[in-house]
Amino acid sequence: MPRYETPGVYVEEIPLPPPGVTPVATAVPVFIGYTQKAIGEEGEDLTGRTVRIGSLQAYEAWFGGPPVRPWGVRAQRRVDTEGLPAQIEVDWAQAPPTPPEHVLHHGLQLYFANGGGECHIHSLGPYGPAKPEDFIAALAALREVAGPTLLVFPDAVVLADADYGKVVQAALECCQARGHCFALIDVPGGVPGEVDTVAAVDRHFRHHVNPTPPELRRHGAAYFPYLTTTLPLPWHEAMVTLASVDEVRVDAGGRTTRTPVPDAAGRLLDDPVLDLRQRDPVLHAAICRFLDAACVVMPPSPAVAGVYCQMDRQRGVWRAPANVALAQVRAAAVRVTDHDQNELNVDAVAGKSINLIRDFTGNGTRVWGARTLQGNDNEWRYVNVRRLVDFVQASLTPRLDAFCFEPNNADTWLRVQAIITSFLTTLWRQGALAGAKPEHAFFVAVGLGRTMTPADVDAGRMVVEMGLAAVRPAEFLVVRSTWAVAVG
């Protein structure tokens with residue numbers, strides 16, 4: 001320590017250990033789809049641009065609300081033997097509401113309700129027919145956009161099966177090119193009467209999702225079926241057609257007579273000539289209550305993206321995003337059995353695992369799977385393992401950039417090894433890596449004769465080898481019970 005004899009201020013510079021590694025964000029989705037509008041705060045066009053938002057209010061300010069579709073309803077008023085109204089029955093004119101063609105706004109509602117935070121929106125333009133080239137072009141552009149780590153594109157499910165397969169291929173290629181990205185993929189048509197069996201999933205999804213090379217499948221996970229949500233179905237009186245309005249009378253003998261209400265069939269609910277609100281407010285109110293009770297059915301990926309954010313924030317990227325109850329979800333649109341899950345969770349032929357959304361009495365509707373599309377691969381079978389490795393690589397890369405053009409000697413190697421070891425030790429202490437001791441959980445090697453040859457040093461290459469013992473989820477819990485029966 002230097003001697004200080006003259007009064008004054010002295011500055012001492014104390015060398016510190018090399019700066020640590022700053023963990024990167026792991027769950028920042030980008031939602032790709034069609035929007036009502038795409039206008040920024042200053043009136044600029046946001047179509048084809050990736051915009052970061054932090055709330056549903058910000059989305060609605062720049063991208064608008066959900067589409068309102070035309071609906072048709074039937075109504076009948078039952079009249080008892082005394083001529084008094086008994087009840088009013090309202091039903092859909094054709095089939096129950098199918099999933100909306102454009103679900104981005106509803107998806108953002110589910111995303112934020114299930115724990116989602118800041119995210120990005122990539123608008124493909126105003127509501128209209130979905131085109132595969134729109135999604136493929138957007139995914140190509142996203143390769144150069146910094147920030148997003150999850151790709152979500154629920155609007156693509158309306159495409160033909162072959163076209164949807166091309167979009168999935170483009171999404172997986174985008175994830176591989178970005179290096180720290182994962183795709184959440186919906187199995188299209190997951191509602192009763194459409195893709196509601198294992199055979200239908202094979203025919204409409206697995207048969208058409210064949211990424212080349214197959215290793216791309218490790219960068220994405222598929223989810224099935226659709227969700228019956230508690231989100232109200234958007235409707236407007238000017239787009240609700242009265243297919244029929246009947247009065248049904250029951251005589252003393254139990255016979256019924258159906259009489260159409262004059263000039264009602266084919267008119268809109270707000271038709272000024274019919275003036276249903278004033279002439280028959282009870283019937284008008286019954287139709288409105290029926291429409292208000294209708295809920296949106298939609299693909300699961302936006303809600304699952306919220307679960308990814310929630311788990312990453314609360315537990316870490318190494319925790320499997322599964323066994324989590326979904327908020328604002330009434331039920332899975334298709335009820336699947338354990339036998340169905342056997343076939344979907346494990347694809348013995350191609351390894352295209354499908355993660356299910358299932359209903360559990362008393363425990364809500366839960367994400368009940370955590371496999372990538374490469375479900376037969378021992379290393380990359382699980383979502384959390386793939387994402388943990390992506391997280392480690394993405395966190396280390398910017399820190400190690402500082403060592404480019406440093407002397408390729410033992411001092412530099414030691415500093416690099418210390419930085420990586422410190423970062424991985426922290427992850428091990430947080431429970432991300434398996435092993436009773438750090439040396440059981442990972443290894444870091446760098447040096448001449450260990451990872452490099454003299455030729456590597458002469459060529460300016462510094463080679464670092466790293467291995468991780470990633471924690472895998474307890475997918476199958478087996479309880480073995482031994483019973484001892486006393487005799488006598």
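Tell me, which residue of the range 266-322 that is more than 22 Å from Phe224 (Cα to Cα) and in contact with an Asp or Glu (Cβ under 6 Å, 6 or more places away or on another chain) is surrounded by the fewest Cβ atoms within 10 Å (Cβ to Cβ)?
Asp270
Within the bounds of the range 232-244, is there any residue that is modelled with pLDDT under 90 and surrounded by fewer than 19 Cβ atoms within 10 Å (Cβ to Cβ)?
Within the range 232-244, one or more residues are modelled with pLDDT under 90 and surrounded by fewer than 19 Cβ atoms within 10 Å (Cβ to Cβ).
Report yes if Val304 is out of contact with any Gly (no Cβ under 7 Å at 6 or more places or on another chain) and assigned to a strand (DSSP E or B), otherwise no.
The answer is no for Val304.
Within the range 126-141, which residues are touching a Cys at 6+ places or on another chain (Cβ under 8 Å) and surrounded by fewer than 24 Cβ atoms within 10 Å (Cβ to Cβ)? Walk me through it before giving the result.
Of all residues in the range 126-141, those touching a Cys at 6+ places or on another chain (Cβ under 8 Å) come to 139-140.
The one that is touching a Cys at 6+ places or on another chain (Cβ under 8 Å) and surrounded by fewer than 24 Cβ atoms within 10 Å (Cβ to Cβ): Ala140.
Of the residues that make up the range 185-199, is at least one in a strand (DSSP E or B), buried (at least 17 other Cβ atoms within 10 Å of the Cβ) and among the small types (Gly, Ala, Ser)?
Kept after step one, since they are in a strand (DSSP E or B), are these residues of the range 185-199: 185-186.
If we keep only those that are buried (at least 17 other Cβ atoms within 10 Å of the Cβ) as well, we get 185-186.
Subsequent filtering for residues that are among the small types (Gly, Ala, Ser) retains none.
No, the conditions are met nowhere in the range 185-199.
Can you pull out every residue in the range 323-349 that is touching a residue at least 24 places away in the same chain (Cβ under 8 Å), exposed (fewer than 13 other Cβ atoms within 10 Å of the Cβ) and aliphatic (A, V, I, L, M)?
At the first step, the residues of the range 323-349 found to be touching a residue at least 24 places away in the same chain (Cβ under 8 Å) are 323-336, 340-341, 343-348.
Of the ones still in play, those that are also exposed (fewer than 13 other Cβ atoms within 10 Å of the Cβ) are 335, 348.
Listed by number, the list holds a single entry, Ala348.
Give me a count of the residues in the range 350-400 that are assigned to a strand (DSSP E or B) and crowded, with 16+ Cβ neighbours inside 10 Å.
So the answer is 12.
Hey, does the range 33-47 have a residue that's in a helix (DSSP H, G or I), crowded, with 21+ Cβ neighbours inside 10 Å, modelled with pLDDT of 95 or more and of a type outside the set (D, E, K, R)? Even if it seems obvious, please write down each step before you answer.
Of the range 33-47, the ones in a helix (DSSP H, G or I) are none.
For the range 33-47, residues in a helix (DSSP H, G or I), crowded, with 21+ Cβ neighbours inside 10 Å, modelled with pLDDT of 95 or more and of a type outside the set (D, E, K, R): absent.
Assess whether Leu151 counts as being surrounded by 19 or more Cβ atoms within 10 Å (Cβ to Cβ) and either part of a helix (DSSP H, G or I) or at positive phi (or both). First the steps, then the outcome.
Values: surrounded by 19 or more Cβ atoms within 10 Å (Cβ to Cβ): yes; either part of a helix (DSSP H, G or I) or at positive phi (or both): no.
It is false that Leu151 is surrounded by 19 or more Cβ atoms within 10 Å (Cβ to Cβ) and either part of a helix (DSSP H, G or I) or at positive phi (or both).
Among all residue pairs at least 6 apart or on different chains, which show Cβ distances below 6 Å where the first residue, located in the range 386-410, is free of Cβ contacts under 8 Å to residues at least 24 places away in the same chain and of a type in the set (Asp, Glu) and the second is assigned to a helix (DSSP H, G or I) and surrounded by 13 or more Cβ atoms within 10 Å (Cβ to Cβ)?
Between residues of the range 386-410 that are free of Cβ contacts under 8 Å to residues at least 24 places away in the same chain and of a type in the set (Asp, Glu) and residues that are assigned to a helix (DSSP H, G or I) and surrounded by 13 or more Cβ atoms within 10 Å (Cβ to Cβ), the close pairs are Glu406/Thr412.
The values are calculated or read from the model by the stated rules, or taken from the named source; none is laboratory data. Note that the coordinates shown come from a computational prediction; the quantities given were computed from them, not determined experimentally. FYI the Cβ positions are ideal-geometry reconstructions off the backbone, even for glycines, and counts take in every protein chain you see.
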